[in-house]
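K.L.:
Following this message is one structure expressed as C-alpha cells.
The values are calculated or read from the model by the stated rules, or taken from the named source; none is laboratory data. None of these values were measured; they are calculated from a predicted model. Cβ placement follows ideal geometry from the backbone for every residue including glycine, while neighbour counts extend to all protein chains displayed. Ligands, DNA and RNA are stripped out before the accessible areas are found, and what is left, the full protein with its side chains, is counted by its heavy atoms. Shrake-Rupley method; radii C 1.70, N 1.55, O 1.52, S 1.80 Å.
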Amino acid sequence: DWCTITEVRQIAQTVGVRSHSEIDEMLSLFHQFGFIIWLTSTEALKRTITINPQWLIDSISKLIRDKELHTSNKHEIITAGLGRDLDDLNQSALVTRDLVEFLFGKDHVDFMIDFMQRTMLLSEWSFGQESKYLIPSILKDSDIEIIEYDSGNGAVCEFDFCEMFLPAGVFERVLCLFVAHSNRIDGSSKPTVRSDYGKIWCGSEGYILLHKQKESFSMTINNDDMAAKSLSIIVSMLHKINQDVMSNGLVWKTKVRLSGRNKFVSLEEAKLLKLKPWFNDSTQAIGNLNASHLDLTTFMENILETQLAPN
C-alpha cells in the first residue's frame, strides 16, 4: 500500500533511471494524475509514497467520518472492549492508541499515525494521565461563550478569506499545529478546543485564542513574546497548503489589529511600520511574506521529533 523513496529509487535504477530529479518529476506527475499520493511539504512526507490512494482514503475515513452515517463497525469495536474509547472519540474527538490500532491494524498503525501527524490531521494529546490523539476535523461546534474575544485584550491578527472561501480543514489544521506545540512545552494546561474555537496554552503564562467565523479566523495572543512566532507559523502553513493542495488558488488577507484600537492594517503595512509585537528592529520572524518555505517544515519536524521519540 505504501513504499519509501529509497525503494522507488532502487526500482528506478533497475530500468536505467538514476537521476533523483527525474524520479521526483515522475512521482509529481503520477501524484497529479491520482495514481499515487506523494506529499512534499516536509522532508519526512517526501520519503513516503502511497501507491494505493484508495487504501489511504479508506484508512483515514475510519477516524474522520460522520458517526451518524458510518456506524458499521460499532458492534465490532464494542465486542473488542473498546466501547468507552469509541464514546470518547465521538464526544471529544480524542482517540486512544488501542482504538487506533484496532481501526488501522498493527501492521499499519505506526505509518498512519505518523502520516496523519505530519499532514496535521491528528495531534498527540498528552494533557491527562493517558496519552491520546486529537482529531480536530471531528470536533463539535462551540457550546461556550467566547468571552475572551469581547474583552479586547491581547494582540490580534485576522486571516480573511472572504474574496473566495475558507476551505474546510484549514482552521482544524491550525488547531492541530498549536496543540502539538503546546504538548511539548512544560507547564501547559489542557486546551479547550471546539470546531470553531481554541484556547491553547504555551507553558504556564501564555495562551493563544483561535476563533473561526464563516470566511475568516482570528488569533488573539496574551503574551507579546509569542506573537511573531505564532503568526509566522500560520502564514507558513497557509502558504504550504496553497502550494501543495490548492495549486496556488487560495486567496486570503492577513491583517493585524493596532494596539488599543479596533482598527486593522494589512500585514505588509504592519511590516513597514515595524508594528509591535509582530515586528521590531531586531525581529523579522515572518520574513518574506511570499515565501512558501518559511519555517513550517522545521517547526513540524521539531514537534514530531519530540512526540515520536522513543521513551
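K.L.:
Take the Cα atoms of region 193-235, build their convex hull, and give its volume per residue in Å³.
P.N.:
Values: hull volume 2.9 nm³, N = 43.
Each residue corresponds to 68 Å³ of Cα convex hull volume.
K.L.:
While we're on this one: Roughly what would the spin-label model give for R9 and I57, points 7 Å off Cα along C-beta, in nm?
P.N.:
A separation of 3.1 nm, rounded to one decimal place.
K.L.:
Given the C-alpha atoms of region 186-266, compute the convex hull and give its volume per residue in Å³.
P.N.:
Hull volume over Cα atoms, normalised by residue count, gives 123 Å³.
K.L.:
Reachable lysines from K199, Cα under 18 Å, same-chain residues fewer than 8 places away excluded?
P.N.:
Cα-Cα hits under 18 Å: K140, K190, K212, K229.
K.L.:
Kindly identify region 225-273 as rounded, prolate or oblate by the Cα gyration tensor criterion: order the square roots of the eigenvalues as a ≥ b ≥ c, call it rounded if a/c is under 1.5, otherwise compare a/b with b/c, prolate if a/b is larger, else oblate.
P.N.:
Numbers: a/c = 2.87, a/b = 1.84, b/c = 1.56.
It comes out prolate by the Cα gyration axes.
K.L.:
Counting each pair of different Cα atoms once, what's the Kirkwood radius of region 61-143 in Å, rounded to one decimal? Before the final figure, lay out the partial values.
P.N.:
On the way: mean 1/r = 0.0761 Å⁻¹.
With all distinct Cα pairs of region 61-143 included, I get 13.1 Å.
K.L.:
Hey, another quick one. Where the centre of each part is set by its Cα atoms, how far does region 171-235 sit from region 1-67, in angstrom?
P.N.:
Here the two parts' Cα centres lie 31 Å apart.
K.L.:
Moving to a separate point now. Return the loop-located chymotrypsin sites (Phe, Trp or Tyr not before Pro) in region 4-78 (DSSP other than H, G, I, E, B) with at most 15 other Cβ atoms within 10 Å of their own Cβ; answer none if there are none.
P.N.:
Those satisfying the criteria are F35.
K.L.:
Here is a further query. Convert 10 °C to kelvin, take the viscosity as 1.306 mPa s, use the Kirkwood radius over C-alpha pairs of region 118-264 as Rh, and evaluate the Stokes-Einstein diffusion coefficient in µm²/s, rounded to a whole number. Let's see the in-between values first.
P.N.:
Values: Rh = 15.7 Å.
Translational diffusion coefficient: 101 µm²/s.
K.L.:
Any chance you could get the radius of gyration and Dmax over the Cα atoms of region 146-224, in Å?
P.N.:
12.6, 40
K.L.:
Calculate, for region 101-246, the solvent-accessible area per residue in square angstrom, rolling a 1.4 angstrom probe over the heavy atoms of the protein chains.
P.N.:
That works out to 42 Å² for each residue.
K.L.:
What trypsin sites (Lys or Arg not before Pro) in region 22-122 are in a loop by DSSP, with at most 14 other Cβ atoms within 10 Å of the Cβ?
P.N.:
Counting only loop positions with at most 14 other Cβ atoms within 10 Å, the trypsin sites (Lys or Arg not before Pro) in region 22-122 are R47, R65, K67, K106.
K.L.:
Using a 1.4 Å probe and ignoring any ligands, DNA or RNA, find the accessible area of S142 and quote it in Å² to the nearest 10.
P.N.:
Roughly 30 Å² of S142 is accessible to a 1.4 Å probe.
K.L.:
What do you get for Rg/Rh over region 161-204 if you use C-alpha atoms and the Kirkwood form of Rh?
P.N.:
Numbers: Rg = 12.4 Å, Rh = 11.4 Å.
The Rg/Rh ratio comes out at 1.09.
K.L.:
Looking at region 184-273, which GluC sites (Glu not before Pro) are DSSP coil and have at most 14 other C-beta atoms within 10 Å of their C-beta? Walk me through the numbers on the way to the answer.
P.N.:
Details: sites: E205, E215, E268, E269; in loops: E205, E215.
Those satisfying the criteria are E205, E215.
K.L.:
A further question follows. Would you list M164, M226 from the most to the least accessible area, probe 1.4 Å?
P.N.:
M164, M226
K.L.:
Let me ask something additional. Viscosity 1.567 mPa s, temperature 4 °C: what is the translational diffusion coefficient of region 1-145 from Stokes-Einstein with a Kirkwood Rh over Cα pairs, rounded to a whole number of µm²/s?
P.N.:
Once the numbers are plugged in, D ends up at 76 µm²/s.
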